[in-house]
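Scroll down for the structure; my scribbles are underneath it.
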Amino acid sequence: MHRNLNILMLGGAKRVAMAEQLIRAGKRLGCNVKIYSHELSEQEPIASVGTVIPGKRYSDPAVDAELDEIISRHDIHVVLPFVDPAIEPAARCKQRHPEVFVPVSSPEVSHAMFDKVLAAQLFEHNGIAIPTTYTAENIEYPAILKPRTGSASRGIVVAHNAADVQAAPLPLDQYLIQQYIANREELTVDCYVGTYDHEAKCTVPRIRLATAGGEAIRTITQRNQQLEATAKKVLQSLRLEGAVTLQFLHDLDTDRYLLMEINPRLGGGVICSICAGADIASMIIEEAQDINALPRHDWRDKTLMTRYFKEVIFFNDSTNNEQQ
């Protein structure tokens, strides 16, 4: 067991609350957690609880070598991605550094999750229910066009006729085209799959009540046995590992739960599920210490999380940054 556990967050930036959860989880297990975060800029809020290491974009071919150097220089024990572009570098890092705990899925699965067309094909191949998918030749209206590599709902087009499709800013082969379901409810499921026994340690549905920039700023947990069972089947069929965020659409007309997308990383609103009792932070620390994480299925229903802004001030001299 490590008395001191060094965690490298990839794109941790605003994830101060998650870093604090990891630090507290470490204390409960008797280890001192130190946070590092790889960022484009040193002036990120995560600097208030850890050490920021400025570096390259995750699309840069040289980023793998950069991460290798950081792992060696700072004796990193755990690597956690917090933004979509960091997931594939983290998965590759897992292959190069078996001595480091990197709770992410394989590079192949990680790659597929960030091409919506490939992801939809993978879901259908594994018998997972998704909205009806169209080709450019057989579109039925209304339809929704999602950029293949987009995120945070940017660039989505809802098409009610052929003219709407023709007006789409991207070529049609750059979209995932699916049935648009107007009478719907969207739900997130925060999950953790053990890396030792591949058991789904938690599956916590929650409703995003308000968002800003594609991220939940007000969300509430919701017990839903059908959705929890569906989430477990998705996790098992795709052999996902570590923290996973599932996005489902509930078709209210047919009472079906349809998978929209998978983010194989910690979601921005996961703090709600952690505070409800599905302590994913503790699961990460336990597994990093070679302990098979305990399941957390007794989380509290109707746990509401809301957020507020908090400032971190950076001075233009050697003075340390301050939280206000």
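Projecting label points 7 angstrom from Cα along Cα→Cβ for Arg3 and Leu170 puts them 5.2 nm apart.
Over region 159-218, accessible surface divided per residue gives 46 Å², non-protein components excluded, 1.4 Å probe.
Just flag the trypsin sites (Lys or Arg not before Pro) in region 193-243 sitting in loop per DSSP whose Cβ has no more than 14 other Cβ atoms within 10 Å. Show your work: numbers first, answer last.
Numbers: sites: Lys201, Arg206, Arg208, Arg218, Arg223, Lys232, Lys233, Arg239; in loops: Arg223, Arg239.
When the trypsin sites (Lys or Arg not before Pro) of region 193-243 are filtered for loop state and at most 14 Cβ neighbours within 10 Å, Arg223, Arg239 remain.
Of the solvent-accessible surface of the chain, computed with a 1.4 Å probe over protein heavy atoms with every protein chain present, carbon and sulfur atoms account for 49 percent.
Extending 7 Å from Cα along the Cβ direction at Ala229 and again at Thr306 yields two label points whose distance is 3.5 nm. Mind checking which of Leu67, Leu22, Leu252 has the largest fluctuation in a GNM of the chain, springs on alpha carbons under 10 Å? Comparing Leu67, Leu22, Leu252 in the GNM, the peak value goes to Leu252.
Toward the positive end of the charge dipole of region 225-315, with +1 on the Cβ of Lys and Arg and -1 on the Cβ of Asp and Glu, the farthest Cα among Ser273, Ala288, Tyr308 is that of Tyr308.
Most tightly packed first, judged by the mean number of other beta-carbon atoms within 10 Å of their residues, the peptides 297-308, 275-286 read 275-286, 297-308. Calculated from the structure, log10 I(q)/I(0) by the Debye sum over Cα atoms at q = 0.10, 0.14 Å⁻¹ equals which of (1) -0.49, -1.02; (2) -0.59, -1.14; (3) -0.65, -1.22? Matching the structure shown: (2). Per residue of the chain, the DSSP helices (runs of n ≥ 4 H) give a summed -39500 (n - 2.57) that works out to -7500 deg cm²/dmol at 222 nm.
Rounded to the nearest 20, the size of the Cβ-charge dipole of region 242-307 about its Cα centre is 240 debye, with Lys and Arg at +1 and Asp and Glu at -1. Only one residue of Asn138, Val63, Ser41 has its Cα farthest out toward the positive end of the dipole of region 14-144, where Lys and Arg carry +1 and Asp and Glu -1 on Cβ, and that residue is Ser41. Under a 5 Å amide H cut-off, with hydrogens placed 1.01 Å from N, Tyr134 pairs with Ile177, Gln178, Gln179 among residues at least 5 apart or on other chains. Working note: Karplus 6.51/-1.76/1.60 with θ = phi - 60° gives region 31-48 the couplings 10, 9, 8, 10, 9, 10, 9, 8, 9, 6, 10, 6, 8, 10, x, 4, 5, 6 Hz, where Gly and Pro are set to x. Taking amide hydrogens as placed 1.01 Å from N in the peptide plane, the amide H of Leu5 sits under 5 Å from those of Asn32, Val33, Lys34, each at least 5 positions away in sequence or on another chain. In this Cβ point-charge picture (+1 for Lys and Arg, -1 for Asp and Glu), region 11-166 has a dipole of about 580 debye about its Cα centre. At the residue level, Val79 shows approximately 0 square angstrom of accessible surface with a 1.4 angstrom probe and all protein chains present. Take every Cα pair under 8 Å whose residues are at least 6 apart in sequence, average their separation, divide by the length of the chain, and the relative contact order is 16 percent.
Look at where the Cα atoms of region 33-70 and of region 97-112 average out, and the two centres are 18 Å apart. Counting 0.36 nm for each residue step from Glu99 to Leu252 and taking away their Cα separation leaves a gain of 50.4 nm. Per residue, region 22-123 exposes an accessible area of 44 Å² to a 1.4 Å probe, with every protein chain left in place.
Of the cross-linked pairs Lys34/Lys302; Lys14/Lys232; Lys34/Lys232; Lys201/Lys302, those separated by over 25 Å at the C-alpha level are Lys34/Lys302; Lys14/Lys232; Lys34/Lys232.
Run down the aspartates and glutamates and flag those whose C-alpha is under 19 Å from the C-alpha of Lys146, throwing out any fewer than 8 positions away in its chain. Filter leaves Asp84, Asp115, Glu124, Glu137, Asp164, Asp173, Glu185, Glu186, Glu215, Asp251, Glu261. Rounded to the nearest 20, the Cβ-based charge dipole of the chain about its Cα centre (Lys and Arg +1, Asp and Glu -1) stands at 740 debye. The mean accessible area for residues of region 240-324, using a 1.4 Å probe and ignoring ligands and nucleic acids, is 48 Å² per residue.
Amide H to amide H, with H built 1.01 Å from N, Ile217 comes under 5 Å of Ala210, Thr211, Ala212, counting only residues 5 or more places away or on other chains.
Which of the GluC sites (Glu not before Pro) across region 44-105 are loop residues per DSSP, with 10 or fewer other Cβ within 10 Å? Present the calculation step by step, with values, prior to reporting the outcome.
Values: sites: Glu66, Glu69, Glu99; in loops: Glu99.
Passing both the DSSP loop test and the Cβ count: Glu99.
The values are calculated or read from the model by the stated rules, or taken from the named source; none is laboratory data. Remember, it's a predicted structure, so these values are computed and weren't measured experimentally. Positions of Cβ are generated from backbone atoms using ideal geometry, with glycine treated the same way; all protein chains shown enter the neighbour counts. In case anyone asks, the SASA skips ligands and DNA or RNA and just uses the protein heavy atoms, side chains included. Shrake-Rupley method; radii C 1.70, N 1.55, O 1.52, S 1.80 Å.
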